[in-house]
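Q: Take this structure, written in structure tokens, and hold onto it; I'll ask about it next.
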Amino acid sequence: MTITESFIRSVRWKGDHLLILDQQLLPHQRVFNPASTIEDVWESINKLQVRGAPAIGIAAAYGLALWALSSKETNVETFLKELKTKRDYLANSRPTAVNLMWALDRLLEVSKDAGSVEEAQTILLQEAKEIQAEDELVCRKIGEYGLSLFKDGDILLTHCNAGGIATARYGTALAPFYLAKEQGIQLSVYADETRPVLQGARLTAWELQQAGVDVTLITDNMSAHVMKTKNIAAVIVGTDRVAANGDVANKIGTFGLALQAKALGIPFYVAAPLSTIDLDTKTGDDIPIEERPHEEVTYIGETRVAPEGINVFNPAFDVTPADYVTAIITEKGIIKGNYGEELQKIKNR
Ligand code: MRU
């Protein structure tokens with residue numbers, strides 16, 4: 001793969017194993033790790049080698065298929081029981097992104113009536129491939145709807161990485177930038193570096209630079225100043241889970257951006273595939289928030305920046321209450337408010 005390739009698929013099925021782009025090593029090294037077992041996939045998700053809600057779901061689906069293909073079980077009932085245990089194992093790799101559970105449950109659902117282990121294996125792999133193929137179309141649609149909110153010359157602000165490498169292609173929050181490029185529309189973006197693990201600096205800045213998008217990197221504490229002084233038209237972010245009432249979980253720091261945007265009268269948009277909308281989770285208070293290792297905070301890269309023995313709190317996500325969300329951009333259209341009802345409607349459409 002060369003540096004000029006127009007997009008990079010972060011999860012690739014290779015017939016009997018996966019290749020997973022190690023997003024922890026970007027932007028300096030571009031390494032695809034082979035994943036041949038369900039344990040390899042669990043590890044890749046847990047260690048953020050594959051990250052971003054839709055990409056996590058895609059990798060997990062292939063992970064379950066990998067287990068299925070390796071199974072020596074011949075009794076289909078026993079196989080399906082064990083499949084459920086493996087589903088729970090993978091679902092524990094990260095707690096917040098609902099796409100993980102959504103993809104795994106989709107695999108369980110399509111295989112539940114299989115008449116033989118072989119049939120189940122074929123169905124499971126096929127479904128994993130379909131989840132990936134669908135996600136590309138879904139993200140493109142989100143890009144089209146998202147772009148309809150912006151005009152030539154607009155300057156936006158984003159957080160974390162909700163881009164092509166976090167999905168099958170295009171991304172969610174970053175999809176409008178790819179679509180704008182295709183259509184000759186000029187959109188610029190400020191990207192927050194996104195402490196503690198710097199998805200903005202390492203991934204969004206890299207990904208958009210590769211695509212020729214006008215991207216400017218800032219540290220997280222510059223966002224209010226940038227919103228006030230740089231004519232920011234809107235903030236656009238992705239999400240790991242939207243609750244039934246429209247509360248939105250996304251990378252830690254997102255809620256602060258929503259507060260700043262509201263104070264400054266700037267629209268705050270959330271790009272969310274329907275697979276990220278979880279009607280079974282009533283409100284943001286019910287969304288499990290992942291806490292990650294303290295070293296993510298006490299170190300920047302390999303360098304320790306905090307004293308030994310310091311207390312650390314490291315939540316990976318926060319919840320933005322629905323009131324602060326100007327609109328949710330899905331593949332089936334844009335919802336502006338009244339989320340309790342509108343999310344139900346759009347999910348069932
Ligand atoms: O911890 P991460 O890097 O998996 O967090 C990712 C995000 O917060 C993204 O905004 C979200 O998953 C949407 S990706 C299209």
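The values are calculated or read from the model by the stated rules, or taken from the named source; none is laboratory data. Just so it is clear, the structure is predicted and the values come from calculations on it, not from any experiment. Reconstructed Cβ throughout: ideal geometry from the backbone, glycine too, with neighbour counts over all protein chains shown. The accessibility values were calculated without ligands, DNA or RNA, using every heavy atom of the protein model including side chains. Shrake-Rupley method; radii C 1.70, N 1.55, O 1.52, S 1.80 Å.
Q: Looking at (1) touching a residue at least 60 places away in the same chain (Cβ under 8 Å); (2) surrounded by fewer than 19 Cβ atoms within 10 Å (Cβ to Cβ), which one does residue 78 not meet, given that it meets all the others?
A: Only one criterion is unmet by residue 78, namely (1).
Q: Do you know which of the residues in segment 235-248 that are more than 16 Å from the ligand (Cβ to nearest atom) and in contact with a Phe, Trp or Tyr (Cβ under 7 Å, 6 or more places away or on another chain) is nearest to residue 48 (Cα to Cα)? Show your work before the answer.
A: So the first thing to find is which residues in segment 235-248 are more than 16 Å from the ligand (Cβ to nearest atom), and the list is 244-246.
Adding the requirement that they be in contact with a Phe, Trp or Tyr (Cβ under 7 Å, 6 or more places away or on another chain) leaves 245-246.
Working: 245: 28, 246: 26 Å.
Once the filter is applied, the top-ranked residue is 246.
Q: Still on this structure, I have one more. From 26, 100, grab the single residue that is within 16 Å of the chain's Cα centre (by Cα) and open to solvent by less than 60 Å² (accessible area, probe 1.4 Å).
A: On the way: 26 fails: within 16 Å of the chain's Cα centre (by Cα).
Residue meeting the stated conditions: 100.
Q: Pick out the one residue from 110, 76, 138 that is more than 25 Å from residue 291 (Cβ to Cβ) and within 16 Å of the ligand (Cβ to nearest atom).
A: On the way: 110 fails: within 16 Å of the ligand (Cβ to nearest atom); 76 fails: within 16 Å of the ligand (Cβ to nearest atom).
Of the residues listed, the single one that is more than 25 Å from residue 291 (Cβ to Cβ) and within 16 Å of the ligand (Cβ to nearest atom) is 138.
Here's the yes/no breakdown for (1) in the same structural domain as residue 238 (by TED's automatic domain parsing); (2) free of Cβ contacts under 8 Å to residues at least 60 places away in the same chain; (3) open to solvent by 20 Å² or more (accessible area, probe 1.4 Å):
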site: 165; (1), (2), (3): yes, no, no
site: 168; (1), (2), (3): yes, no, no
site: 175; (1), (2), (3): yes, no, no
site: 179; (1), (2), (3): yes, yes, no
site: 184; (1), (2), (3): yes, yes, yes
site: 191; (1), (2), (3): yes, yes, no
site: 197; (1), (2), (3): yes, no, yes
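Q: Within segment 206-239, which residues are open to solvent by less than 10 Å² (accessible area, probe 1.4 Å) and small (Gly, Ala, Ser)?
A: Listed by number, the residues that qualify are 223, 234, 238.
Q: Among the residues of segment 249-294, count how many are open to solvent by 40 Å² or more (accessible area, probe 1.4 Å), acidic (Asp, Glu) and within 15 Å of the ligand (Cβ to nearest atom). I'd like the intermediate steps shown before the answer.
A: Filtering segment 249-294 down to residues open to solvent by 40 Å² or more (accessible area, probe 1.4 Å) leaves 252, 255, 259-260, 262-265, 279-280, 282-283, 285-286, 288-289, 291, 293-294.
This time we only want the ones that are acidic (Asp, Glu), so: 280, 285-286, 291.
With the extra rule that they be within 15 Å of the ligand (Cβ to nearest atom), the set shrinks to 291.
Of the residues in segment 249-294, 1 are open to solvent by 40 Å² or more (accessible area, probe 1.4 Å), acidic (Asp, Glu) and within 15 Å of the ligand (Cβ to nearest atom).
Q: Kindly evaluate residue 111 against the criterion of being buried (at least 18 other Cβ atoms within 10 Å of the Cβ), assigned by TED's automatic domain parsing to the domain that holds residue 30 and hydroxyl-bearing (Ser, Thr, Tyr).
A: On the way: buried (at least 18 other Cβ atoms within 10 Å of the Cβ): yes; assigned by TED's automatic domain parsing to the domain that holds residue 30: yes; hydroxyl-bearing (Ser, Thr, Tyr): yes.
Judged against the criteria, residue 111 is a match.
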